[in-house]
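Report on one structure; see the data block that follows.
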Amino acid sequence: MAHTYRFFAKKLSQGHWILDDEEVTHALKVLRLPDGETVEVMDGQGVTGVGRLQIDSKSKVSVTEVQEFCHPRDSWTRAVLIGALKPGDVDDLIAPLVELGVDRILIYRQEDTPKFRVADSASERWQRLVQSALKQSKRPWSVAVDAFDSLSDALGAVSTFEHKWIMLPEADEDLIGIQASVKGDRGGIVALIGGEKGFSAREEAAAKASGFKPVRLGPWVLRARTAAPAVAVFLGMLPRVK
C-alpha cells in the first residue's frame, strides 16, 4: 500500500483546506508532489481529512474535495517527564515517544546541568520534531513538549495527574504489576525518568513528596534514552478511554 503524505493545514471552508507555510515548502520543494496528488491534512485538534492537492502558486497550496474525520481525544493523558539529556539524545527520543503514543513530554533541567539544554531554541526544535512524528504516525492530536528549569517546576505542572510514577531500579513494584491499578481509570498518568546520572537524593525525595510512587521497569538498570521508549510502550498499551 502506497504511503499517503500528511500535512498540517487550516480549514477554510467545507472540503477546502490550505497548507501551513512550512508545509508548502515540504510538499513542493522536498517531496515535489504534483498537482492533484491525494494527500491527508490535519489540524492537530482531532480533525483529519483526505483530499486532492491543488497548487495555487509557489507559496500557496490548497487541498480540495476533502473528506473529513473527527477523532475523539482519549480521556487519559500519557506523559513522560525526563531529565534534560545531551541535545542529540533528547532529539532522538522525541519521535519514538510521539509515535509510541505519549501525549505530553516534559523535560526538566537537573542539578548541575547547563541551562542551554532547556533553552527556547531547543524547545522550538523539539516541537518541529513532534510535528514530523505526528504526521508519520498519523496521530490526529498534537503532543505538547514543555521545558522546565528545575524538577520542582516540572512537578508542579503534573500535580493534578492521578497516577505518578518515578522509575527506580530498586523499587519493589514493576510496571506490569501495577497495570491492573490503572484499568478503567480516568486522568493523567506520568512517568518520571532521570537523566544521565539518574536522580540526586534531593530530586528523588522531592518526587516522592509530590506523590510519585517508585516503580521499576525490570531487573536491569537502563539508560535514560532506553528507559523512556520502554515506558512509552507500556503507556501506549494501556486501554484507551473516550
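Where a number appears in this text, it was derived from the coordinates with a stated rule and is not lab data. Every value quoted in this text rests on a predicted model; they were computed, and no experiment measured them. Here the Cβ positions follow ideal geometry from the backbone for every residue, glycine too, while neighbour counts run over all protein chains shown.
Helix 120-137 sits at what angle to the longest principal axis of the chain, using alpha carbons and giving 0 to 90 degrees rounded to 10?
70
Enumerate by residue number the GluC sites (Glu not before Pro) in the range 75-124 meeting two conditions: DSSP loop (anything except H, G, I, E, B), and at most 13 other Cβ atoms within 10 Å of the site's Cβ.
Working: sites: Glu99, Glu111, Glu124; in loops: Glu111.
Those satisfying the criteria are Glu111.
Name the long-range amide H neighbours of Glu37: under 5 Å, sequence gap of 5 or more, or other chain; modelled H, no Pro or chain starts.
Here Leu53 satisfy the definition.
I need the peptides 214-227, 142-155 ranked by packing, meaning the mean over residues of other C-beta atoms within 10 angstrom, with the highest value on top. Could you put the intermediate results ahead of the total?
Numbers: 214-227: 15.8, 142-155: 18.6.
Top to bottom by mean Cβ count within 10 Å: 142-155, 214-227.
Quick one: which residues, 5+ away or cross-chain, put their amide H under 5 Å from the amide H of Ala147? H built at 1.01 Å from N.
Placed amide hydrogens put Ile107 under 5 Å from Ala147.
Three principal axis extents, largest first, for the C-alpha atoms of the chain, in Å?
59, 41, 31
Among Gly88, Gly46, Gly195, which one shows the biggest mean-square fluctuation in a GNM of the chain, springs joining Cα atoms closer than 10 Å?
Checking each option, the largest mean-square fluctuation is seen for Gly88.
Out of all DSSP beta bridges in the chain, what portion is antiparallel? Express it as a percent rounded to 5.
Numbers: 22 of 49 bridges.
Roughly 45 percent of the beta bridges in the chain run antiparallel, per DSSP.
Counting other Cβ atoms within 10 Å of each Cβ, which trypsin sites (Lys or Arg not before Pro) in the range 56-105 have at most 13 and sit in a DSSP loop?
Values: sites: Lys58, Lys60, Arg73, Arg78, Arg104; in loops: Lys58, Lys60, Arg73.
For trypsin sites (Lys or Arg not before Pro) across the range 56-105 that sit outside H, G, I, E and B with at most 13 neighbouring Cβ atoms in 10 Å, the list reads Lys58, Lys60, Arg73.
For the chain, modelled as a Gaussian network with Cα springs under 10 Å, which listed residue fluctuates most, Asp43, Asp174, Asp35?
Of Asp43, Asp174, Asp35, the most mobile in the Gaussian network model is Asp35.
Sum -39500 (n - 2.57) across every DSSP H segment of at least 4 residues in the chain, then divide by the residue count to get the 222 nm mean residue ellipticity, nearest 500.
Values: 7 runs with 70 residues, N = 242.
Calculated from helices alone, the mean residue ellipticity at 222 nm is -8500 deg cm²/dmol.
So what's the angle, to the nearest 10 degrees on a 0 to 90 scale, between helix 224-237 and the longest Cα principal axis of the chain?
Taking Cα atoms only, the helix is inclined about 70 degrees.
What does the charge dipole of the chain about its Cα centre add up to, to the nearest 20 debye, if the Cβ of each Lys and Arg holds +1 and the Cβ of each Asp and Glu holds -1? Numbers along the way, then the final one.
Working: 32 positive and 33 negative charges, 54 e Å.
Dipole of the chain, to the nearest 20 debye: 260 debye.
Which far-off residues, 5 or more places away or on another chain, put their amide H under 5 Å from the one on Arg6, with H placed in the peptide plane?
Those qualifying (amide H under 5 Å, at least 5 residues apart or on another chain) are Glu40.
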